[in-house]
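Single-structure report; data block below.
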Amino acid sequence: TPYLYGHLIREHSRLYAQLPADPAADADDQWAWRVQLSASNKARTLYADFEYKWRYYKLTVLVQKLVLVCSLIYLVQLPVAAAAIFIGVHLVFVFINAALRPYLDPRPDMLAI
């Protein structure tokens, strides 16, 4: 699944780059405008909510969940290590959401914190 997500996002980003956009607008505005043009695209839910530089963010969330599940499964005998990994992973994502604001709309940024 992560490979498929990454491939879809990469290919759609390449296709969107070929669409015309306002040259005076910044990259995030151009990205948002190009994504809005593709309302019928079924894969746009993977990247449409995020700024251009964060278009792979849903893939990083998937990896976060994978790390949490794997640490829970494989570190059953080491609860302190599992707890440290859980805390570390969550702190990293709190920092990403609080400091770097990956969403185009500020409301999901605030809810993710």
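The values are calculated or read from the model by the stated rules, or taken from the named source; none is laboratory data. Source: prediction; values computed, not measured. All Cβ positions, glycine included, derive from the backbone under ideal geometry; neighbour counts span all protein chains shown. Note: accessible area is taken over every heavy atom of the protein model, side chains too, but ligands, DNA and RNA are not part of it. Shrake-Rupley method; radii C 1.70, N 1.55, O 1.52, S 1.80 Å.
Here is a check on your reading of the model: is Leu68 free of Cβ contacts under 8 Å to residues at least 60 places away in the same chain, closer than 28 Å to Ser13 by Cα and part of a helix (DSSP H, G or I)? It is false that Leu68 is free of Cβ contacts under 8 Å to residues at least 60 places away in the same chain, closer than 28 Å to Ser13 by Cα and part of a helix (DSSP H, G or I).
Only one entry of Arg107, Arg55 meets the criterion of being open to solvent by 90 Å² or more (accessible area, probe 1.4 Å), among the basic types (Lys, Arg) and at pLDDT below 80, and that entry is Arg107.
Checked against the criteria, Tyr74 counts as open to solvent by 60 Å² or more (accessible area, probe 1.4 Å) and at pLDDT 90 or above.
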